[in-house]
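K.L.:
What follows is a single structure, and I will ask about it in a moment.
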Amino acid sequence: MNEIAVVGVVVALPQEVRGIRRLIPLPPLPDLPQVWKGPVGSKDLLIVCSGMGPMAAEQAADRLWKVCTPHLVIVAGVGGALTPEMRRMEMLVDTDERWLGERAMAAAIAAGLAGRLGRIATVPRPLTSPLSKRAVGQSSGAFVADMEQAPVKALCQARGIPFLGVRVVADAVDDDLTPLLGDWSELEKRRGAEPEARETPDFSMRFFVKRLLTTPSAIPVAWRLARASREGANTIGRFLAAFLPRI
């Protein structure tokens, strides 16, 4: 194990940045939007907010490497459960490095967080129905789905940099998100799109306002998901605050 002096963190959502900065108050870099950097103990920590989707995450990783050469890269945020075993607010850690997994679990215990080791599957669009979540879980063997990890992990593997994926479950496998987010798998079937050609949905404020006004059943789903996402972002902050001193 080499000394870890510089840690890069990629998150998709501004809310996830806020969850980290509540406990680790890094300043923004004035010349780079959506990038925060500062010392945490003996280490330098850099956070990049990518936006949603694999392409956005890959571009964020490029921005990270332009600022520094990280000794460890973490992709963190909330995700969706793919199996009944994963409960809401439970944390899943994905790494090929045994020592990182051991220290991540020790940090989770110290922070009072429920967590386990397992695989995260990166998908190109949200899995909104229980059927689609279970299908990906069965085909991939993963416990949780995200939309950002795979391209960043591939870049780290190509450069020989240790990688850690961390996801907190915001929606359980049987939580139906289609009233709020729609069924993207059915839409893609109608379009006849190949996986490589699928674009990440643009969940703008206009999109959500329209769904809430036209689909009353979306309101409780939106409330539950917003609360879980906020709590999940805070959990990521608690985990990192406990994990960084251990590496």
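The values are calculated or read from the model by the stated rules, or taken from the named source; none is laboratory data. Because the structure is predicted, anything quoted here is derived from the model rather than measured. Counting neighbours? That spans all protein chains shown, and the Cβs are built from the backbone with ideal geometry, glycine included.
K.L.:
Based on what the data block shows, is Gln15 surrounded by 15 or more Cβ atoms within 10 Å (Cβ to Cβ), modelled with pLDDT under 95, of a type outside the set (Ser, Thr, Tyr) and under 15 Å from Gly237 (Cα atoms)?
P.N.:
Against the criterion (surrounded by 15 or more Cβ atoms within 10 Å (Cβ to Cβ), modelled with pLDDT under 95, of a type outside the set (Ser, Thr, Tyr) and under 15 Å from Gly237 (Cα atoms)), Gln15 qualifies.
K.L.:
Taking the range 114-130, which residues are charged (D, E, K, R) and modelled with pLDDT under 95?
P.N.:
Selection gives Arg125 alone.
K.L.:
Restricting attention to helices (runs of 4 or more DSSP H) lying wholly within the range 147-231, give those where 3 or more residues are at pLDDT 85 or above.
P.N.:
Because the criterion is at least 3 residues that are at pLDDT 85 or above, the helices (runs of 4 or more DSSP H) in the range 147-231 that meet it are 149-159, 178-181.
K.L.:
Does Thr95 fit the bill of being among the β-branched types (Val, Ile, Thr), modelled with pLDDT under 95 and farther than 19 Å from Asn234 by Cα?
P.N.:
No, not satisfied.
K.L.:
Now a separate question. Looking only at residues that are without any contact (Cβ under 8 Å) to a residue 60 or more places away in the chain and part of a loop (DSSP other than H, G, I, E, B) in the range 49-101, which one is surrounded by the fewest Cβ atoms within 10 Å (Cβ to Cβ)?
P.N.:
So, considering only residues that are without any contact (Cβ under 8 Å) to a residue 60 or more places away in the chain and part of a loop (DSSP other than H, G, I, E, B), the one surrounded by the fewest Cβ atoms within 10 Å (Cβ to Cβ) is Glu85.
K.L.:
Provide a single number: the residues in the range 5-31 that are closer than 14 Å to Lys43 by Cβ and either of a type in the set (Gly, Ala, Ser) or in a strand (DSSP E or B) (or both).
P.N.:
Residues in the range 5-31 being closer than 14 Å to Lys43 by Cβ and either of a type in the set (Gly, Ala, Ser) or in a strand (DSSP E or B) (or both): 5 in total.
K.L.:
In addition: From Gly141, Gly160, Gly165, Gly118, which residue is farther than 20 Å from Ala233 by Cβ, small (Gly, Ala, Ser) and in contact (Cβ under 8 Å) with a residue 24 or more places away in the chain?
P.N.:
When all the criteria are applied, what remains is Gly118.
K.L.:
Out of the residues in the range 8-48 meeting the condition of being polar (S, T, N, Q) and without any contact (Cβ under 8 Å) to a residue 60 or more places away in the chain, tell me which one is nearest to Arg246 (Cα to Cα).
P.N.:
Ser42
K.L.:
Pick out the one residue from Ser140, Ser132 that is over 18 Å from Arg63 (Cα atoms), crowded, with 17+ Cβ neighbours inside 10 Å and among the polar types (S, T, N, Q).
P.N.:
When all the criteria are applied, what remains is Ser132.
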